[in-house]
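Contents: one structure, followed by commentary.
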Amino acid sequence: MKEGRSTYKPRTGIERWFDARLPLPRLVHDSFIVYPVPGNLNYAYTFGGILTVMLAAQILTGVVLAMHYAADTTLAFNSVEKVVRDVNSGWLLRSLHSNGASFHWDFELSSATVLVPNGATDLGVCNSADD
């Protein structure tokens, strides 16, 4: 595909009519069908996106839970119990936060065990052969 040129060719009259008014099929074709992708790109690279979403969820739920938590040894248990019982959807926030931490660690470990041996971290900044 040449830079700036689309290779999309509408086949029917309705496709040509639709493409002239709203080039959505052209956008989908150029973005998902003929978009040049490196050959070594595989499913393992989706771990980064999953980790980003999980980290954002951890931060959001952690901030909300921290607003209700009392960091005192005599009040800590009662504050957690108050979150679960009295805060709207507090039980859900606490569950998302605790299970999200476990899933985040699992996906981080999975990502490292799949991507590091395949050289995904090699940015060419420091090569051991050049040292």
Quiz item: Which of (1) over 30 Å from Thr7 (Cβ atoms); (2) open to solvent by less than 50 Å² (accessible area, probe 1.4 Å); (3) in a helix (DSSP H, G or I); (4) not acidic (Asp, Glu) is the odd one out, the single condition Leu55 does not satisfy?
Solution: (2)
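Restricting to region 88-100, and then to whatever is assigned to a helix (DSSP H, G or I) and among the hydroxyl-bearing types (Ser, Thr, Tyr), can you tell me which residue is nearest to Ile59 (Cα to Cα)?
That would be Ser98.
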Self-check item: Residues (among the polar types (S, T, N, Q) and within 17 Å of the chain's Cα centre (by Cα)) located in region 44-93
Solution: Thr46, Thr52, Gln58, Thr61
Quiz item: What pairs can you find where one residue is in region 4-33 and without any contact (Cβ under 8 Å) to a residue 12 or more places away in the chain and part of a helix (DSSP H, G or I), the other is open to solvent by less than 100 Å² (accessible area, probe 1.4 Å) and basic (Lys, Arg), and their Cβ atoms are less than 6 Å apart, with a gap of 6+ or different chains?
Solution: Asp19/Arg26
Quiz item: Any idea which of (1) closer than 30 Å to Val114 by Cβ; (2) touching a residue at least 24 places away in the same chain (Cβ under 8 Å); (3) part of a helix (DSSP H, G or I) is the one Gly49 doesn't satisfy?
Solution: (2)
Self-check item: Test: residue in region 12-22 that is among the β-branched types (Val, Ile, Thr) and surrounded by 11 or more Cβ atoms within 10 Å (Cβ to Cβ)
Solution: no
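Quick one: which residue in Ala44, Ala70, Ala66 is open to solvent by less than 50 Å² (accessible area, probe 1.4 Å) and part of a helix (DSSP H, G or I)?
So the residue among Ala44, Ala70, Ala66 that is open to solvent by less than 50 Å² (accessible area, probe 1.4 Å) and part of a helix (DSSP H, G or I) is Ala44.
Go through region 73-103 and report how many residues are open to solvent by less than 70 Å² (accessible area, probe 1.4 Å) and either in contact with an Asp or Glu (Cβ under 7 Å, 6 or more places away or on another chain) or free of Cβ contacts under 8 Å to residues at least 12 places away in the same chain (or both).
Total satisfying the criteria: 8.
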Exercise. Go through the residues of region 101-122 one by one and say whether even a single one is part of a loop (DSSP other than H, G, I, E, B), modelled with pLDDT of 85 or more and not hydrophobic (A, V, I, L, M, F, W, C).
Key: no
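The values are calculated or read from the model by the stated rules, or taken from the named source; none is laboratory data. All figures in this text were calculated on a predicted structure; none of them were measured in a lab. Neighbour counts run over all protein chains shown; Cβ positions are idealised from the backbone, glycine included. We work out accessible area using only protein heavy atoms, side chains counted, and drop any ligands, DNA or RNA first. Shrake-Rupley method; radii C 1.70, N 1.55, O 1.52, S 1.80 Å.
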